[in-house]
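Structure first, commentary second.
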Amino acid sequence: MAADALQDLRQQCLSRGAAGIKGLGRMFRSMDDDGSKSLDFQEFVRGLQDYGVSVGRDQAQQIFAMMDKDGSGSINFDEFLEKLRPPMSSARMQVIRQAFQKFDKSGDGVETVEDLQGVYNSKHHPKYKSGEWTETQVFHSFLDSFDSPHDKDGKVTLEEFVNYYSGVSASVDSDEYFISMMKSAWKL
């Protein structure tokens, strides 16, 4: 029953597009006033309501109980979001990691504007071509699509990259097509 409730919540988030789960994560992070990276049941329910997903109190209780493994009355929202993400095959995870590694020129595990130089061609971006944006602004815009919405620091971690692509992955049925798409997009 709790698994069905979680699947229903997952589908509602994914119906919002590739960033649906990421958006729920942003909502939860914004409610984390004390920086504990966890939510109690009331905060959890309020976050779901504020995000606009339709989950009844009973369903929310089932999901919360499933996530509160230690019975502490709170759930770690990173773990919650990880469980909410649709499962991905090891082949999909591998190609996502390859793309991240290609992108992470410095090899420090964090993608930055500096890493983009020489990897991402900003010259074809419409706002660059029109003169509205500089190359750096194009790079920041590109990074923002992967960066955690709550913590726009201009840096993208592997977790943020995986979170983004888990939403994309959920809309692609075949491993072969997803891998082909990633290889084409990232020139792997």
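The values are calculated or read from the model by the stated rules, or taken from the named source; none is laboratory data. All values reported here derive from a predicted model rather than from experimental measurement. Here the Cβ positions follow ideal geometry from the backbone for every residue, glycine too, while neighbour counts run over all protein chains shown. The area values use the complete protein model at the heavy-atom level, side chains included, leaving out ligands, DNA and RNA. Shrake-Rupley method; radii C 1.70, N 1.55, O 1.52, S 1.80 Å.
Some points to look at:
- Relative contact order computed over the chain (Cα-Cα under 8 Å; 6+ residues apart), in percent: 26 percent
- The chain: calculated mean residue ellipticity at 222 nm from DSSP helix runs of at least 4, using -39500 (n - 2.57): -17500 deg cm²/dmol
- Placing +1 on the Cβ of every Lys and Arg and -1 on the Cβ of every Asp and Glu, with no other charges, gives the chain a dipole of roughly 760 debye about its Cα centre.
- Over 26 Å [Cα-Cα, the chain], rounded percent: 38 percent
- Solvent-accessible ranking of TYR177, TYR120, largest area first, probe 1.4 Å: TYR177, TYR120
- Candidates SER141, SER130, SER89: whichever shows maximal mean-square fluctuation once the chain is modelled as a Gaussian network with Cα springs under 10 Å: SER130
- A crude spin-label estimate for the pair ASP4 and SER130, with each label 7 Å from Cα along the Cβ direction, gives 5.0 nm.
- Where Cα atoms sit under 16 Å apart: lysine pairs in the chain separated by 8 or more or lying on different chains: 12
- Sites listed here are trypsin sites (Lys or Arg not before Pro) in segment 103-182 whose DSSP assignment is loop and whose Cβ has at most 15 other Cβ atoms within 10 Å: LYS105, LYS152.
- Whole-percent P(r), segment 90-186, all Cα pairs, 5 Å bins from 0: 2, 13, 22, 22, 19, 14, 5, 1, 0.
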